[in-house]
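Step one of this worksheet: look at the structure below.
The values are calculated or read from the model by the stated rules, or taken from the named source; none is laboratory data. Model, not experiment: these values are computed from the prediction. Quick reminder, even Gly has a Cβ in these numbers, built from the backbone with ideal geometry, and neighbours come from all protein chains shown. These accessible areas exclude ligands, DNA and RNA; they are computed on the full protein's heavy atoms, side chains included. Shrake-Rupley method; radii C 1.70, N 1.55, O 1.52, S 1.80 Å.
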Amino acid sequence: MPENKNNKIIVRPPVVVVMGHIDHGKSTLLDYIRETTITENETGGITQGISAYEVMHRDENGQDKKITFIDTPGHEAFSKMRERGAEIADIAILVVSAEDGVKIQTIEAWKTIVESKIPCIVAINKIDKEDANIEKTKKELAENEIYLENYGGTIPFVEISAKVGTGVNDLLSLILILTEMENLTGDSDLPASGFVIEANLDSRRGIMATLLIKNGSIKKGMTVVAEDTICSTRLIENFLGKMIGEASFSSPIRVIGFDKMPRAGAQFKTFQKKGDAIKYIENWQEEKNVEKSKNTKGKNKETNKTIKKIIPIILKADVSGSIEAIEKEIDKIKNKITNEVNSENVEFKIVAKGVGPISESDIKGISSGADTLVIGFNVKIDKSALEVAEKRGINITFFEIIYKMTEWLEKQMEERRPKIETMETTGRAKIIRAFSRTKERQIVGGKVAEGQINLNSAVRIIRREFEIGRAKIVNLEKNKTKTSEVAEGAEFGMMVESKIEIVAGDIVESFAVTQK
């Protein structure tokens, strides 16, 4: 942080991340606190974006104190977004349902909190439900090394009902007590710095990003830089979407007008002079190129190559965090198929991705009949793009819930992967005598050594342990009576279709071909 001669270091509001398993009540808790209905507006009741909100709560001295909340998705595909939320926050709330107990994402969220080394409060939710079992939930938490106060540990907890509000005021008061203990401070005189929470493309206003200020202040006329993206702060909105002229630490804001999409999770800095901002970007790019050069050394020595069928994907989503989550799901599908199928397999490759509606330029690069999958996640398609797609016979698939998209992708991968034919021997017989032969057909007699020989089955003709040709059984007899099969140990006569002449001493093997 740059030095400032006129330091104004003061107590700053806490940034609180709300984490936990899907459907354990994270969004419902925030809804109650903010007296809004975010959950009802979420597709399928699942939060699929990261959002930040400011609320006011009166402390024990009667003073109104500000708290910033970050809501993170619970579905496992959004783990990177959860990690980002924990990195940015000062305090974590782990929401656990008293009805369902500890689940997979509960453990994942806890691990993220521990790795981030931030203090945590456990909120045992849904205590109003008939099937709620608070003691069982505490026991399950302890079994997973989450030790609550008065239950073998020091982690503070509150029993709440996010739906009706029971215990929520106690939770907010506990956050303020923990904030005081953490001694969170900030310097309002410094240029603002913090993190990019989310970024998206608005068709009317351009690229905009949600930023969380961790220190300093931002004003109109300053320049924001996040890695190699830049934006002038002519348009700043607060979390309610209202235009503001300035903001300070712990505030979530939206800045509009970035030159390209900033990476969600990237650190941002602000500068009074645009020239200083450009110089910062140049330095960042230089360091990135040096790092890239180091990482690529020696990679050309790789010789292990696996031939795979590549299925291209063009992906458009509502926000960059959704793209990140979808990329993770695609990696999981690839690994799952690779582990299950011990053969040449298929691989998805995202050839183009972006935030915003599917445009004509997204479709124009795809040739007719191509194997490309075009996916829209929580986005629409431009009319011109739809016309081009229909003309070229290109299918576009839209999704609003990530696990529905995952199920569809798994099906697509299974259908499109190269199938490997495997040959399984079903019977083996030795030819004892060869009889009459025409150009395409021959009558032979033999004895089944293994398995069974079936009518209409294909057979391999083996001579001196080498396959010399193939044939098809068109007639099969046992004791001069027509039959559909001859079992092991029995003698038979048969007519085969074959271009190869079969002689006494040859082996014929019947087989079945399966695809895996």
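Among the residues of region 360-411, what is the count of those that are small (G, A, S) and closer than 17 Å to S320 by Cα?
Residues that pass the stated criteria total 1.
Might you check whether a residue that is in a strand (DSSP E or B) and open to solvent by 60 Å² or more (accessible area, probe 1.4 Å) occurs anywhere in region 208-216?
no
Just one of (1) modelled with pLDDT of 95 or more; (2) open to solvent by less than 30 Å² (accessible area, probe 1.4 Å) trips up F157, so point out which.
(2)
If K480 meets every condition in (1) free of Cβ contacts under 8 Å to residues at least 24 places away in the same chain; (2) buried (at least 19 other Cβ atoms within 10 Å of the Cβ) apart from one, which number is that one?
Evaluating K480 over (1) free of Cβ contacts under 8 Å to residues at least 24 places away in the same chain; (2) buried (at least 19 other Cβ atoms within 10 Å of the Cβ) leaves (2) as the failure.
Quick check on this structure: which one of I230, I253, I244 is crowded, with 21+ Cβ neighbours inside 10 Å and modelled with pLDDT of 90 or more?
I253
All but one of (1) closer than 30 Å to I375 by Cβ; (2) part of a strand (DSSP E or B) hold for A471; which doesn't?
For A471, the exception is condition (1).
As an exercise: evaluate T39 against (1) open to solvent by 30 Å² or more (accessible area, probe 1.4 Å); (2) among the polar types (S, T, N, Q); (3) in contact with a helix residue (DSSP H, G or I) (Cβ under 6 Å, 6 or more places away or on another chain); (4) at pLDDT 55 or above and give the number of the one condition it does not meet.
(4)
Could you list, in sequence order, all residues of region 127-149 that are in a loop (DSSP other than H, G, I, E, B), in contact with a Phe, Trp or Tyr (Cβ under 9 Å, 6 or more places away or on another chain) and either farther than 21 Å from L178 by Cα or open to solvent by 70 Å² or more (accessible area, probe 1.4 Å) (or both)?
Answer for region 127-149, where residues must be in a loop (DSSP other than H, G, I, E, B), in contact with a Phe, Trp or Tyr (Cβ under 9 Å, 6 or more places away or on another chain) and either farther than 21 Å from L178 by Cα or open to solvent by 70 Å² or more (accessible area, probe 1.4 Å) (or both): N144, E145.
Within region 462-496, restricting attention to residues that are under 54 Å from the mean Cα position of the chain (by Cα) and of a type in the set (D, E), which residue is modelled with the lowest pLDDT?
By that ranking, first place goes to E465.
Within region 192-201, is even one residue assigned to a loop (DSSP other than H, G, I, E, B) and within 22 Å of D23 (Cα to Cα)?
For region 192-201, residues assigned to a loop (DSSP other than H, G, I, E, B) and within 22 Å of D23 (Cα to Cα): absent.
Given (1) at pLDDT 85 or above; (2) assigned to a helix (DSSP H, G or I), where does M413 come up short, assuming only one miss?
(1)
What's the number of the condition L190 fails, among (1) within 30 Å of G221 (Cβ to Cβ); (2) touching a His at 6+ places or on another chain (Cβ under 8 Å)?
Among (1) within 30 Å of G221 (Cβ to Cβ); (2) touching a His at 6+ places or on another chain (Cβ under 8 Å), L190 violates only (2).
Might you check whether a residue that is outside any strand (DSSP E or B), β-branched (V, I, T) and over 30 Å from E415 (Cβ atoms) occurs anywhere in region 475-489?
yes
Count, please, the residues in region 67-123 that happen to be open to solvent by less than 10 Å² (accessible area, probe 1.4 Å) and at pLDDT 75 or above.
21
If you take the residues of region 417-451 that are open to solvent by less than 60 Å² (accessible area, probe 1.4 Å) and more than 19 Å from K472 (Cα to Cα), which of them is modelled with the highest pLDDT?
This residue is R417.
Being open to solvent by 60 Å² or more (accessible area, probe 1.4 Å) and over 30 Å from I313 (Cα atoms) narrows it down to one of E509, E467, so name that one.
Residue meeting the stated conditions: E467.
Of all residues in region 231-275, count the ones that are within 20 Å of K214 (Cβ to Cβ) and not in a loop (DSSP other than H, G, I, E, B).
So the count comes out to 17.
Among the residues of region 160-191, write down those that are among the polar types (S, T, N, Q), assigned to a strand (DSSP E or B) and open to solvent by 20 Å² or more (accessible area, probe 1.4 Å).
T166, T185
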